[in-house]
Amino acid sequence: MSDPQVLQIATDRKAILLTEDKDFGELVHRLRMPHCGILLVRLLKITSAEKCVRVCQVINNFQHDLFYSFAVLSNDQLRIRPAQSN
């Protein structure tokens, strides 16, 4: 399935898309494709279990901020950039 198709499914379901694929940034910023929120996970050198814990913490603590935003979770920070128009 292509990235635009995945993004469309998430948008149709009004879901925040969790991904490790940087290409979604291009889709929403350069191509301005509609979305309901994207969380790009850029956690390096940690186990899958630790990633799950970190992602769950972010969703629990920032769920309302993540809707209609493009967020990047890295090892040392969470950046949330609200959508320009959706």
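The values are calculated or read from the model by the stated rules, or taken from the named source; none is laboratory data. Keep in mind the model is a prediction, meaning the values are calculated, not measured. Glycine also receives a Cβ, built like all others from the backbone with ideal geometry; neighbour counts cover every protein chain displayed.
Filter the stretch 1-27 down to the residues that are in a helix (DSSP H, G or I), touching a strand residue (DSSP E or B) at 6+ places or on another chain (Cβ under 6 Å) and within 12 Å of Ala71 (Cα to Cα) and list them by number.
First pass over the stretch 1-27, keeping only residues in a helix (DSSP H, G or I): 3-12, 23-27.
Filter once more, keeping what is touching a strand residue (DSSP E or B) at 6+ places or on another chain (Cβ under 6 Å): 10, 24.
Of everything in the stretch 1-27, just one residue is in a helix (DSSP H, G or I), touching a strand residue (DSSP E or B) at 6+ places or on another chain (Cβ under 6 Å) and within 12 Å of Ala71 (Cα to Cα), namely Phe24.
Residues of the stretch 60-84 being in a strand (DSSP E or B) and either within 10 Å of the chain's Cα centre (by Cα) or in contact (Cβ under 8 Å) with a residue 40 or more places away in the chain (or both), which ones?
Within the stretch 60-84, Ser69, Phe70, Ala71, Val72, Leu73, Ile80 meet the criteria.
Here's a check for you: in the stretch 37-59, which residue that is touching a residue at least 12 places away in the same chain (Cβ under 8 Å) and out of contact with any Leu (no Cβ under 8 Å at 6 or more places or on another chain) is surrounded by the most Cβ atoms within 10 Å (Cβ to Cβ)?
The selected residue is Ile46.
Within the stretch 28-59, take every residue that is part of a helix (DSSP H, G or I) and at pLDDT below 95 and give me the one that is nearest to the chain's Cα centre (by Cα).
This residue is Val28.
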